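Where a number appears in this text, it was derived from the coordinates with a stated rule and is not lab data. The model shown is predicted, which means the values in this text are computed figures rather than measured ones. Cβ coordinates were reconstructed from backbone atoms using ideal geometry, including for glycine residues, and neighbour counts include every protein chain displayed.
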Amino acid sequence: MTTTILGIEYDIETTFELSLNVGTWEVLNLSVFPENIFELVNLRALTIHHCNLSSIPAKINKLVNLKELSLYDNRLSSLPPELGNLVNLEVLILAKNKLSSLPIEIKKLVKLKYLDLHINELKSLPAEIEYLVNLEDLILNKNQLNSLPVEIGKLVKLKKLSLHSNQLTSLPAEIENLVDLECLYLENNKLSSLPAEIGKLTELLCLNLGNNELTSLPAEIGNLSNLQSLYLNKNQLSDLPAEISKLLNLEDLFLCYNKLSSLPAEIGKLGNLNHLHLNNNPLSSLPVEIEKLVKLHYLFLNNNQLRSLPVEIANINKYVRIDLTNNRLTRLSIEILKKVKNLIIDETFMK
């Protein structure tokens, strides 16, 4: 048996994937689900992108064999409770819609591994999200979230949690339970502090806290022993905890646009750093221990208050690129000028 959808015939028994994306006039003007889709009872994957869908009909519950449902870039403002009947779903993509809430029936989607809700209008998450215990990727960036439910701590299989560009002012202590988390994106929020429990996320490889309102870091951040990239740019940090020295696998450290006037000597223990961004701070000096960062490729010191550099900086490596523009340098040692081949200095200083 066959059925016709937008002028194309599909075998009801053997159609396992269906993709209706912009490319034809019919799809471009698609504002409702074609009724015959619900005859494809063996459908495993359904994709409808870049259309004008404003709602999902209750009949969606007929597609019980769906494993992937992607409705990216439509006009959905709500989800029907019947969505919860799609108990075999593993991938659900609802990004770039107009969703302001999620139905509690989402708790039935216990097989979900990937949930993408970015670019919506979500102000909160239901406590029932705790039932999605198989989630590995949760994408919530560019919503209007100002808090997270404590139940998020039940998602113990999460590997990636993206929350950037929301309105978050704090994180629940229960985040400590996400022990498999590898990537945590929190940039562009309103965080003024971090819970000490963040130090329990020892599998983290990337932590992005850029463009928040942090004035300090908990000492426990030093427990993130596997961290490779740490973004702290555009905050209000005036100092760093000595425990930062424990981040021995760190390769990229972004501290630009803060209020740092000095660095702890312990920064010299970050021997695997490749990129160190310290530009746009009020730094007036550098510790001599910076010479120990022998793997540095880029050192950004532009737009600070440096009047001189420790001669030891010449020992980093001869290929490191150091940007010193827009400081208050009055002198540089001959050793630095001879050993460091990629110095970027104001022309007026060279004169």
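Here are the numbers for the structure shown:
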| read-out | value |
| --- | --- |
| Where trypsin sites (Lys or Arg not before Pro) fall in DSSP loop in the stretch 313-350, at most 15 other Cβ within 10 Å | 318, 328, 331, 341 |
| Stokes-Einstein D in µm²/s, Kirkwood radius over Cα pairs - the chain at 20 °C with 1.002 mPa s viscosity | 93 |
| Whole-Å distance, taken between Cα centres, linking the stretch 171-197 and the stretch 53-108 | 27 |
| 24 Å Cα-Cα threshold exceeded, pairs from 59/159; 62/160; 107/157; 142/190 | 59/159; 62/160 |
| Where the Cα pairs of the stretch 213-291 fall when distances are cut into 10 Å bins, in % | 20, 59, 22, 0 |
| Alpha carbon convex hull of the stretch 260-351, projected area averaged over orientations, nm² | 4.9 |
| Net +/- balance of residues flanking residue 196 in space, Cβ distance below 11 Å, scoring K and R +1, D and E -1 | -2 |
